[in-house]
Each structure stands twice: as structure tokens, then as C-alpha cells.
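Colleague: A single structure is presented below for examination.
The values are calculated or read from the model by the stated rules, or taken from the named source; none is laboratory data. The structure displayed is predicted, hence computed values, not measured ones. Here Cβ is always computed from backbone atoms with ideal geometry, including for glycine, and neighbour counts include all displayed protein chains. Side chains included, ligands, DNA and RNA excluded: accessible areas come from the protein's heavy atoms. Shrake-Rupley method; radii C 1.70, N 1.55, O 1.52, S 1.80 Å.
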Amino acid sequence: FTSLPIIAYGILDRDVSVEAAYAFPTVYCIGQRQKLFNPKMFAYWLLTATLHSVICFIIPLIVCTSIVSPDGRPEGLFEMGLFTFTSIIFVCTGKVYLMT
């Protein structure tokens, strides 16, 4: 259930129809002029991906190293995976929320 916002966004996201593309050719002028994919935008997306990877790995790593079980042992791989997956869900859902 936690992945439903991402799945819904992927299913409901649609490109313009062929008729609309022929009726309004200026829709694609941004892409032809390389305004959405250039070195500056590539650097932006690279930095954003780095930030997301830090959020999805470093924060769960810090949280998991401070968690100990009732018998005093540090928790293991399952807990680290659980926190990492949960952070990925939150980051992806937040990104979709901010983009729409």
C-alpha cells in the first residue's frame, strides 16, 4: 500500500495525444531547443540523485547503528533493509508530491 502513490502517478501520467501534438506543435519546442536537457539540468539531476541516495542510505545507517535489541545486541540486516526501503518510499512519494 505504501507504493500506491508512485504506481498511480506512473499509470495516470499521459503524454499529449497525436491530435493535440499536431494542433499545438509549440508543445515540443522546449525539447527541440534543449531547455529541459542540457549540462546545467544534468548537473541539477545528478546533485538531486546524490541527495536522495544520502537520505536513503546514510540516515537509515545512523538510525540502525543506534538501535539495540532487548538483549543488548545491535540489530541486523533486516532492520537496516526495512529502514532503507521505508526511506525510499518517503523520498519517492515526496518527489512526486513536489513535482505535481
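Colleague: Test of understanding: in a Gaussian network model of the chain with alpha carbons linked when under 10 Å, which of L82, L51, L36 would top the mean-square fluctuation ranking?
Modeller: L36
Colleague: Per residue Cα convex hull volume for the range 13-60, in cubic angstrom?
Modeller: Cα-based convex hull of the range 13-60, divided per residue, equals 80 Å³.
Colleague: Which residue fluctuates most in the GNM of the chain (Cα springs below 10 Å): T86, T65, T26?
Modeller: T26
Colleague: Top mean-square fluctuation among P39, P25, P60, Gaussian network model of the chain, C-alpha springs under 10 Å?
Modeller: In this elastic network of the chain, the residue with the biggest mean-square fluctuation among P39, P25, P60 is P25.
Colleague: Based solely on its DSSP helices, what 222 nm [θ] is calculated for the chain when runs of n ≥ 4 H residues each add -39,500 (n - 2.57) and the sum is averaged over all residues, nearest 500 deg cm²/dmol?
Modeller: Helix-only estimate at 222 nm: -22000 deg cm²/dmol.
Colleague: Let me ask something additional. Name the trypsin sites (Lys or Arg not before Pro) in the range 1-71 that are in a loop by DSSP and that have at most 11 other C-beta atoms within 10 Å, would you?
Modeller: R14, R33, K35
Colleague: Using a 1.4 angstrom probe, figure out how much accessible area the chain has per residue, in square angstrom, rounded to the nearest whole.
Modeller: It amounts to 84 Å² per residue over the chain.
Colleague: Just the C-alpha atoms of the chain: what Rg/Rh do they give, with Rh taken as the Kirkwood radius?
Modeller: For the chain, the value is 1.18.
Colleague: What percentage of the solvent-accessible surface of the chain, computed with a 1.4 Å probe over protein heavy atoms, is contributed by carbon and sulfur atoms?
Modeller: It is 74 percent, rounded to a whole number.
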